[in-house]
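The values are calculated or read from the model by the stated rules, or taken from the named source; none is laboratory data. Fair warning: this is a prediction, and the values are worked out from it, not measured in the lab. So basically every Cβ, Gly included, is an ideal-geometry build from the backbone, and we count neighbours across all protein chains shown.
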Amino acid sequence: MNKVDSMSNEIKESLEVWDWRLSDEGLLENKNSFYSDSWTELVIKNNNVIERYDIPKIEQLHNETDRLTKIDIVVGLLSGSCGALMPSFTNDFFDRLHQNLSKSNGFIGTIFNHMGQNIDTHERKINGELRRVVLGKFHRFRPDGMHDILNFNGLITSIKQFGVLGGFYKYYNHLILDMCSKTGIPIPGTTNFLYKIREIVDLKLFGLKDQSEWAAVRMGDFVQMGTTEGLIQLYFIKEKIEKESFRKLKIAIIAHGLSIIGASFIAIETGNTKMLSKISYPSILMLIKKLYILNMKINQIDENIKRLDIEINDLIDKCWSEK
């Protein structure tokens with residue numbers, strides 16, 4: 001039995017006791033043993049407790065309207081499957097977009113062309129002369145962190161080349177466009193960390209090409225996450241599922257979980273032999289968010305159950321002691 005079901009049964013049993021205590025029958029039976037002042041105080045305090053803890057909200061975990069239906073599960077699986085397919089459908093399109101815009105001329109080129117920017121080059125001595133050399137396909141994962149948004153080397157280099165305003169614009173525009181490439185850009189803040197690990201363990205997994213397969217962020221990843229989330233949100237609207245419903249979170253966890261697993265296996269089947277390749281980190285963050293919210297809600301309800309039980313018992317015990 002999982003935590004949700006276990007919590008659901010516990011709440012159901014507790015509420016059966018509370019329903020009797022707070023019902024006319026239960027309170028009237030107690031009333032016969034209370035002085036009138038104690039009875040009045042009990043009713044007032046009981047109402048305050050009920051209002052403060054919002055018993056209907058606590059009942060959510062065993063409420064039939066908040067349970068997953070077969071349609072919910074199917075929609076979650078279909079939404080996750082559609083999301084998982086998105087990188088395969090969109091990566092080539094985005095890569096062509098990156099190549100065309102980064103080399104464009106005219107007005108479009110003024111906005112998007114980033115050929116010859118220093119963050120794509122490296123200073124090297126050739127015949128005794130220091131020159132800037134255009135780097136290879138996987139240059140975005142070099143340890144200098146030029147394309148790591150949290151490294152700041154790239155931003156500083158861009159500002160030196162284009163000035164403050166131009167540097168900011170050119171740099172972030174460059175990174176957004178590079179996310180459209182097949183290699184993507186590094187997960188923010190990982191470049192130096194992964195390079196240091198590579199120096200220690202010397203594993204191929206931490207090579208530049210390999211990092212581009214499992215430690216990168218691509219535009220297709222955001223499309224994957226957005227497609228999955230968009231489809232389930234449309235379903236929520238159609239079914240008019242309440243905003244605070246546990247049902248929403250369960251469907252979202254199914255959808256994003258399948259999307260992540262499905263995209264990884266599709267990547268393997270289409271030629272990527274690495275188990276960790278083509279991971280959608282935006283989808284992983286969304287899944288973690290949904291799991292965190294669900295766990296937080298369950299823990300909050302669990303805490304409220306304990307406090308509510310104590311307060312109701314204290315109220316009744318107090319009234320009995322004043323008899």
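In table form, for the structure just shown:
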{"item": "Filter pass, F222 being surrounded by 15 or more Cβ atoms within 10 Å (Cβ to Cβ), of a type in the set (F, W, Y), over 23 Å from the mean Cα position of the chain (by Cα) and more than 19 Å from F138 (Cβ to Cβ)", "result": "no"}
{"item": "Which listed residue, of T228, T157, T183, is touching a Ser or Thr at 6+ places or on another chain (Cβ under 7 Å), of a type in the set (V, I, T) and not in a loop (DSSP other than H, G, I, E, B)", "result": "T228"}
{"item": "Positions within the range 143-165 being out of contact with any Gly (no Cβ under 9 Å at 6 or more places or on another chain) and touching a residue at least 12 places away in the same chain (Cβ under 8 Å), in sequence order", "result": "P143"}
{"item": "Test: residue in the range 191-210 that is of a type in the set (V, I, T), over 20 Å from L77 (Cβ atoms), modelled with pLDDT under 90 and surrounded by 19 or more Cβ atoms within 10 Å (Cβ to Cβ)", "result": "yes"}
{"item": "Condition check for I156: at pLDDT 80 or above and in the same structural domain as F93 (by TED's automatic domain parsing)", "result": "yes"}
{"item": "Candidate set from the range 86-116 (those that are hydrophobic (A, V, I, L, M, F, W, C) and crowded, with 16+ Cβ neighbours inside 10 Å); member that is nearest to S264 (Cα to Cα)", "result": "M86"}
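Let's see how each residue does on (1) crowded, with 19+ Cβ neighbours inside 10 Å; (2) modelled with pLDDT of 70 or more; (3) not β-branched (V, I, T):
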{"position": "M275", "(1), (2), (3)": "no, no, yes"}
{"position": "K278", "(1), (2), (3)": "yes, yes, yes"}
{"position": "S283", "(1), (2), (3)": "yes, yes, yes"}
{"position": "I288", "(1), (2), (3)": "no, yes, no"}
{"position": "K297", "(1), (2), (3)": "no, yes, yes"}
{"position": "N313", "(1), (2), (3)": "no, no, yes"}
{"position": "S321", "(1), (2), (3)": "no, no, yes"}
